[in-house]
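Everything below concerns the one structure shown next.
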Amino acid sequence: MTQQKGIIKLDGTISGITFYKTRDGYPAREKGGVTAEKIVNDPAFQRTRENGAEFGRAGKAGKVLRTSIRPLLQNASDSRLIGRLTQRKVKVIQADATNPRGKKSVIDGEAKLLQGFEFNINAKQK
């Protein structure tokens, strides 16, 4: 990924190149990719739609879990928790052997894959 090196840090889009700020610096990227309409309608993107549906379920399941234990997470300072939890939930969904691809769910997945998950990666290990 392109990083801005100069003294002036840009934020926004210039000539199709988007500049933005993250905690890791000031990256820049060019707009590209396939249109949303093509992904929704083109048979060649069936796999993409299936993956997207399962990823969406993983994100929603992660939010339900985080919301249910919100008081315990209030003092946690892990800014990457959501991504790490969604990644683990995707693995849980992929372990679902009862539903076809694109229809797999957290309920039918392997919940044991969440065992040992660190909700605050910055916490000291005992």
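The values are calculated or read from the model by the stated rules, or taken from the named source; none is laboratory data. Being a predicted model, the structure only gives us computed values, none of them experimental. Here Cβ is always computed from backbone atoms with ideal geometry, including for glycine, and neighbour counts include all displayed protein chains.
Values as computed for the structure displayed
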quantity	calculated
Hits in region 13-44 - residues which are in contact with a Gly (Cβ under 9 Å, 6 or more places away or on another chain) and either closer than 13 Å to Gln3 by Cβ or surrounded by 12 or more Cβ atoms within 10 Å (Cβ to Cβ) (or both)	Thr18, Phe19, Tyr20, Ile39
Residues located in region 94-126, provided they are surrounded by fewer than 11 Cβ atoms within 10 Å (Cβ to Cβ), among the polar types (S, T, N, Q) and farther than 25 Å from Leu73 by Cβ	Thr98
Filter pass, Asp96 being outside any helix (DSSP H, G or I) and modelled with pLDDT of 90 or more	yes
Residue list for region 10-35, restricted to those being more than 30 Å from Gln46 (Cβ to Cβ) and in a loop (DSSP other than H, G, I, E, B)	Leu10, Asp11, Ser15, Tyr20, Lys21, Arg23, Asp24, Tyr26
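Yes/no per residue for (1) over 18 Å from the mean Cα position of the chain (by Cα); (2) within 25 Å of Arg23 (Cα to Cα); (3) not assigned by TED's automatic domain parsing to the domain that holds Arg23:
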| residue | (1), (2), (3) |
| --- | --- |
| Asn51 | no, no, yes |
| Ala58 | no, yes, yes |
| Arg66 | no, yes, yes |
| Asn75 | yes, yes, yes |
| Ile82 | no, yes, yes |
| Pro100 | yes, no, yes |
| Glu110 | yes, no, yes |
